[in-house]
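Computed from the coordinates by the stated procedures, all read-outs in this text should not be read as laboratory data. Please read these numbers as outputs of a predicted model, since none were measured by experiment.
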Amino acid sequence: MNDDLNENLTAEAQVPEGATGAGFEDGEKPLDKNVRLMSPGRMVARRFFRSKLSIIGLVMILSLILFSWVGPLIMSAIPNEHGGWGETETDYNGPTSYENAKLVEVPRVDENGDPVLDASGKQIVDTFYQVIEVHSLLNNRSYPSASHWLGTDQTGLDVFVRLMYGGQKSILISFIAVFAIMIIGVIFGGIAGYFGGKVDNVIMRICDILMCLPGLPILLILGSVLDAIGVKGSDRIYYLMIFLTVFSWSGTARLVRGQILFLREQEYMVAAEAMGYSTARKIFKHLVPNVMPQLIVSMTLSLGSMILYEASLSYLGLGVQAPYASWGSMVNAAEDSAILENYFNIWGPPGICIIIAVLGFNFVGDGLRDALDPKMRR
């Protein structure tokens, strides 16, 4: 009887023809009677890619990443007259204008160079206005053309190219900030949930304080401080990531703490305790991996929120500063009513990119949530 039981528990399970169950759709027949049971990872991937919205979201995100990182490499090889501008390269080839500069008097002479006299014997003087050709210093607020595929902004910078570099900064800020938030939240949430008691109270009170702080007014003050101490526009991205991390990790810590409070009472944790495993191993080897599905979903959904947060801060002047671009700082151009009404090509494309990125991350997050849910059987 034991031999029969062991045979049933082998990886090569006998599946009758037409059977349904783990790894098979209703009515789907296995290709062979002896098949391997589908691993949990493959089951999650199968449920994820079965959702059309998940695939659409994945395509959105990958398209934006390729556009932001591969696009500049391609554009750098194109001549300027065909659209190959840089992020901070200003176009000074503006349209030509003419103006009457001054009144000019020129004595008239004949072909031999002798003065031409009038009836009274005085030299005739011709008077006319000299027209001076003046070139515009900036080719700003231009509409889409062969040289500028999405036109130029109010400072003469190419909108299409800045859209690519702006995507790099907006997506990179969001990814780094979310990963930093996850690491800090897992560490403090894991410690609070496992030890409990005074340690839990101290960490949770810190989280309460951070969640009660008015984040936006503090960031406005910090932005003024950065301006006062003369922080470069290219360096503000690093301060922005730090600010976003400091004010956002408390929510992840609470999520991890709540999950660990439940998981630490499970049988496998009692077994780990009996085997004498170290505290760090029990937390990060046995507890945290069981929280990862919820963390992955939370991180994916947070990416969309973080992009909106970064765009809002850049719109308020707290993020990436000119001449460097981010999607939020590019949308900031809409503060000018003339640009808002007449130049959709300046502020519209970055707004559309923000919408695509947020929708893409939300679609992927929803797909992961359904795929990682053990109760989902569809």
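First check a/c for region 159-219, with a ≥ b ≥ c the square roots of the eigenvalues of its C-alpha gyration tensor; if it is under 1.5, answer rounded, and if not, answer prolate when a/b is larger than b/c or oblate otherwise. Judged from the Cα gyration tensor, region 159-219 comes out oblate (a/c at least 1.5, b/c at or above a/b). All C-alpha pair distances within region 159-372, sorted into 10 Å bins from zero, spread as 8, 28, 29, 20, 10, 4, 1, 0 percent across the bins. Legend: P(r) of region 220-340 from all alpha carbon pair distances, 10 Å bins from 0, whole percents, reading 11, 30, 22, 17, 13, 6, 1, 0. Take every pair of alpha-carbon atoms less than 8 Å apart whose residues are at least six positions apart; their mean separation over the length of region 145-220 yields a relative contact order of 12 percent.
Considering only Cα atoms, the convex hull volume of region 144-284 works out to 167 Å³ per residue.
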